[in-house]
Amino acid sequence: MKRSRLVLTGDEILDAGVQVTAQPPGKKNTTIHLLSGGEKALTALALVFSMFQLNPAPFCLLDEVDAPLDDHNTERFCELVRKMSHHSQFLFISHNKITMEIAEQLLGITMQEAGVSRVVAVDIEEAMKLSEAAA
């Protein structure tokens, strides 16, 4: 992100909104509504992660935030989550293989029979031990 800004849109701080403007490299300064899906996602993630760096919370829940990202930006997102996971626990919902690779535990939902969902859990460390023992 080349430049971004947050502007309060009201006089009373408790009732004010926030206007987000962002200027990715090579683009004119514009509102977030005119950015691509990936640019919107990166702008929103930058805002959320900056708040977490300022005041870390015990956990962060992210739902499909990596969906509009290309592989390069997904890897950048994963590296940031990896670094920030020392202070906060990240729970994320994703269908992206790159993002799933950083997980310590995976939970999936499968539907072998129509209308019957089943939770499938995979402990990554345990799976790695089994894989190494088999080799």
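Candidates Glu39, Glu12, Glu75: the one that is part of a helix (DSSP H, G or I), modelled with pLDDT of 85 or more and open to solvent by 40 Å² or more (accessible area, probe 1.4 Å) is Glu75. Within region 96-116, none of the residues are over 29 Å from Asn55 (Cβ atoms), at pLDDT below 90, in a helix (DSSP H, G or I) and more than 13 Å from the chain's Cα centre (by Cα).
Tallying residues that are within 23 Å of Lys129 (Cα to Cα) and either surrounded by 10 or more Cβ atoms within 10 Å (Cβ to Cβ) or touching a helix residue (DSSP H, G or I) at 6+ places or on another chain (Cβ under 6 Å) (or both) within region 92-118 yields 11.
The one condition from (1) at pLDDT 90 or above; (2) not in a loop (DSSP other than H, G, I, E, B) that Asp66 does not meet is (2). Scanning region 36-87 for residues that are free of Cβ contacts under 8 Å to residues at least 12 places away in the same chain and touching a Gly at 6+ places or on another chain (Cβ under 7 Å) yields a count of 0.
The values are calculated or read from the model by the stated rules, or taken from the named source; none is laboratory data. These numbers were taken from a predicted model, which means no experiment stands behind them. Every residue, glycine as well, gets a Cβ built from its backbone with ideal geometry; the counts of neighbours run over all protein chains shown. Accessible surface areas use protein heavy atoms only, side chains included; no ligands, DNA or RNA. Shrake-Rupley method; radii C 1.70, N 1.55, O 1.52, S 1.80 Å.
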